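Notes to accompany the following structure.
The values are calculated or read from the model by the stated rules, or taken from the named source; none is laboratory data. Being a predicted model, the structure only gives us computed values, none of them experimental. Cβ placement follows ideal geometry from the backbone for every residue including glycine, while neighbour counts extend to all protein chains displayed. Ligands, DNA and RNA are stripped out before the accessible areas are found, and what is left, the full protein with its side chains, is counted by its heavy atoms. Shrake-Rupley method; radii C 1.70, N 1.55, O 1.52, S 1.80 Å.
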Amino acid sequence: MTQILESAQTFILNNARLLERNLFAFLFQSGDRQKVLSALRAYQNQDGSFGNALEPDKRTATSQPIDQEFALRVLDEIGFDTTIPLQICDCLETITTGDGVPFVLPTVRDAPRAEWWNTDTDHPPASINPTASIAGLLHKNYIRHPWLERATDFCWQQIEHFQNISGNDLLCVLLFLEHVPDRARAERAFEQISAYMREGGHIAYDPQASGYVFMPLDYAPSPRSICRRLFDDVTIQNHLEALAQRQQADGGWPISWTAVSPACELENRGIVTVRALQTLKAYDYLK
């Protein structure tokens, strides 16, 4: 085990949630998939959807759209089955408006939360974030469900008439374009989106940039990412080195936003630490 991994393991064992501890073990130590799945199921509500601060920045027990994306991302790492994704799709049907799911539901108001996890209306509209990322993960893993058909049409409509897409929205769109079955249409849309990214200043090329920014490795976390073609090898190497250097003395990576509480910050740091390690591993930086 490399020094980076050893230090990260210490941080994760000391500070991360059981979910990230088991996920780290699965990804880097041939750990038990079932342990990850059991830890994930602890966040599941009675209707099969996920909540209970699975995404830590809102502390509500209620199921929020972003929690469904988070659960699917975990399954994507450990291997999909059909049971949980179909349960999620069934629940998404109940909150869909305009063929997509809202960014956040008003039930988020019952607990502490970051300022961006809010809605000004009791009937929030459909949003590309996280509809597109949820759809992308389901397409990637060959899930079939009526909700996905509707959501896919919604995403195409939004992408082909996009305006002023933020960095988080772009990540959702790119995940959708990477895995949606209509590859010719996806490639045409990607050409437009990638030009918008470059021209609109949505990419922080400086490896030492600070704050809540989106760097090349955020868009291309592995060599197989659809955005890898946007960056030359020198850029990727410089950002890999900078990513490794951002590991803190305690072994974890920092977050670039303000957490709701100290405990929430540690939960988030566990998540971003596992993701940083996955990116470094994908590019063979952990040899």
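Out of LEU40, LEU54, LEU75, report the one residue that is assigned to a helix (DSSP H, G or I), open to solvent by less than 10 Å² (accessible area, probe 1.4 Å) and under 24 Å from PRO112 (Cβ atoms).
None of the other options fit; the residue is LEU40.
Can you tell which of SER210, SER194 is hydroxyl-bearing (Ser, Thr, Tyr) and within 27 Å of GLU20 (Cβ to Cβ)?
Working: SER194 fails: within 27 Å of GLU20 (Cβ to Cβ).
On inspection, the qualifying residue turns out to be SER210.
From the list LEU171, LEU177, LEU230, LEU148, which residue is closer than 30 Å to LEU13 by Cα and in contact with a helix residue (DSSP H, G or I) (Cβ under 8 Å, 6 or more places away or on another chain)?
Working: LEU177 fails: closer than 30 Å to LEU13 by Cα; LEU230 fails: closer than 30 Å to LEU13 by Cα; LEU148 fails: closer than 30 Å to LEU13 by Cα.
Result: LEU171 is the single residue among LEU171, LEU177, LEU230, LEU148 that is closer than 30 Å to LEU13 by Cα and in contact with a helix residue (DSSP H, G or I) (Cβ under 8 Å, 6 or more places away or on another chain).
So the check is Cβ under 7 Å with 6+ separation or different chains; which pairs have a first residue in segment 249-274 that's more than 11 Å from ALA114 (Cα to Cα) and acidic (Asp, Glu) and a second one that's open to solvent by 10 Å² or more (accessible area, probe 1.4 Å) and assigned to a loop (DSSP other than H, G, I, E, B)?
Between residues of segment 249-274 that are more than 11 Å from ALA114 (Cα to Cα) and acidic (Asp, Glu) and residues that are open to solvent by 10 Å² or more (accessible area, probe 1.4 Å) and assigned to a loop (DSSP other than H, G, I, E, B), the close pairs are GLU265/ILE255; GLU265/ALA259; GLU267/ARG17.
Taking segment 61-72 only, how many residues are acidic (Asp, Glu) and either open to solvent by 20 Å² or more (accessible area, probe 1.4 Å) or in contact (Cβ under 8 Å) with a residue 40 or more places away in the chain (or both)?
Looking only at that region, the number is 1.
Exactly one of these conditions fails for ASP81: (1) over 30 Å from PRO102 (Cα atoms); (2) at pLDDT below 95. Give me its number.
(1)
Would you please list the contacts, defined by Cβ atoms under 6 Å and residues six or more apart or on different chains, that run from a residue in segment 144-159 that is closer than 14 Å to PHE176 by Cα and of a type in the set (Phe, Trp, Tyr) to a residue that is open to solvent by less than 80 Å² (accessible area, probe 1.4 Å) and not in a helix (DSSP H, G or I)?
PHE154/ASP99; PHE154/GLY100
So which of GLU20, GLU6 is open to solvent by 50 Å² or more (accessible area, probe 1.4 Å) and either touching an Asp or Glu at 6+ places or on another chain (Cβ under 9 Å) or outside any loop (DSSP other than H, G, I, E, B) (or both)?
Only one candidate qualifies: GLU6.
Return yes when THR60 is polar (S, T, N, Q), touching a Gly at 6+ places or on another chain (Cβ under 9 Å) and over 30 Å from GLU160 (Cα atoms) and no when it is not. First the steps, then the outcome.
Values: polar (S, T, N, Q): yes; touching a Gly at 6+ places or on another chain (Cβ under 9 Å): yes; over 30 Å from GLU160 (Cα atoms): yes.
Taking the combined requirement at face value, the residue satisfies it.
What residue, among those in segment 78-97 that are within 13 Å of THR131 (Cα to Cα) and of a type outside the set (A, V, I, L, M, F, W, C), is least open to solvent (accessible area, probe 1.4 Å)?
THR96
If you scan segment 212-254, which residues turn out to be polar (S, T, N, Q) and more than 17 Å from the chain's Cα centre (by Cα)?
Initial filter on segment 212-254 (polar (S, T, N, Q)): 222, 225, 235, 237-238, 245, 247-248.
Those that are polar (S, T, N, Q) and more than 17 Å from the chain's Cα centre (by Cα): THR235, GLN237, ASN238, GLN245, GLN247, GLN248.
Looking for something touching a residue at least 12 places away in the same chain (Cβ under 8 Å), touching a Leu at 6+ places or on another chain (Cβ under 6 Å) and closer than 22 Å to GLU265 by Cβ - is there at least one such residue anywhere in segment 85-104?
There is no residue in segment 85-104 that is touching a residue at least 12 places away in the same chain (Cβ under 8 Å), touching a Leu at 6+ places or on another chain (Cβ under 6 Å) and closer than 22 Å to GLU265 by Cβ.
Applying the selection to segment 208-227, what residues are among the hydrophobic types (A, V, I, L, M, F, W, C), in contact with a Ser or Thr (Cβ under 8 Å, 6 or more places away or on another chain) and farther than 17 Å from GLN278 by Cβ? First the steps, then the outcome.
Filtering segment 208-227 for residues among the hydrophobic types (A, V, I, L, M, F, W, C) gives 209, 213-215, 217, 220, 226-227.
So of that shortlist, the ones also in contact with a Ser or Thr (Cβ under 8 Å, 6 or more places away or on another chain) come out as 213, 217, 227.
Passing the criteria: only VAL213.
Just give me the residues in segment 152-175 being open to solvent by 30 Å² or more (accessible area, probe 1.4 Å) and part of a loop (DSSP other than H, G, I, E, B), in sequence order. Steps first, please.
Residues of segment 152-175 that are open to solvent by 30 Å² or more (accessible area, probe 1.4 Å), as a first pass: 153, 157-158, 160-164, 166, 168-169, 171.
Of everything in segment 152-175, those that are open to solvent by 30 Å² or more (accessible area, probe 1.4 Å) and part of a loop (DSSP other than H, G, I, E, B) turn out to be GLU160, HIS161, PHE162, GLN163, ASN164, SER166.
In the list GLU149, GLU115, which residue meets the criterion of being out of contact with any strand residue (DSSP E or B) (no Cβ under 9 Å at 6 or more places or on another chain) and assigned to a helix (DSSP H, G or I)? Reasoning before the result, please.
Values: GLU115 fails: assigned to a helix (DSSP H, G or I).
Within the list GLU149, GLU115, the selection yields GLU149.
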